[in-house]
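Here the structure is laid out as structure tokens; the discussion comes afterwards.
What follows draws every value from the coordinates through simple rules; no lab data is involved. Only a predicted model underlies this, so the values are computations on that prediction, with no experimental measurement involved. Glycine gets a Cβ as well: all are built from the backbone with ideal geometry, and neighbour counts include every protein chain shown.
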Amino acid sequence: MIPSEKMYSVKEVAAQLDFGVDTVRRLIYRGHLKAFVLPTVPCHRKRIYRSARVTESELRRFLGEHQN
């Protein structure tokens, strides 16, 4: 990863790929798309999903492998 590289949220990645947010989370969970999972802050409410960020280079790699 390049230190000044842009990071995208799951929602931003879903918009760029024209996928649903759940589909992008599934791709991350299954290892098809690499992402950094942000640390959670202890609070009274549990999150169903952990926040994740995908680097620009990883998004380009994924697009290059999966374009028609």
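On the beta carbon distance between residue 37 and residue 65, with R0 = 30 Å, the FRET formula returns roughly 0.85. Placing a label point 7 Å from the Cα of residue 16 along the Cα-to-Cβ direction, the residues of region 26-40 whose backbone N falls under 14 Å from that point are 33-36.
Label-to-label distance for residue 4 and residue 26 is 3.8 nm, based on points extended 7 Å past Cα in the beta-carbon direction.
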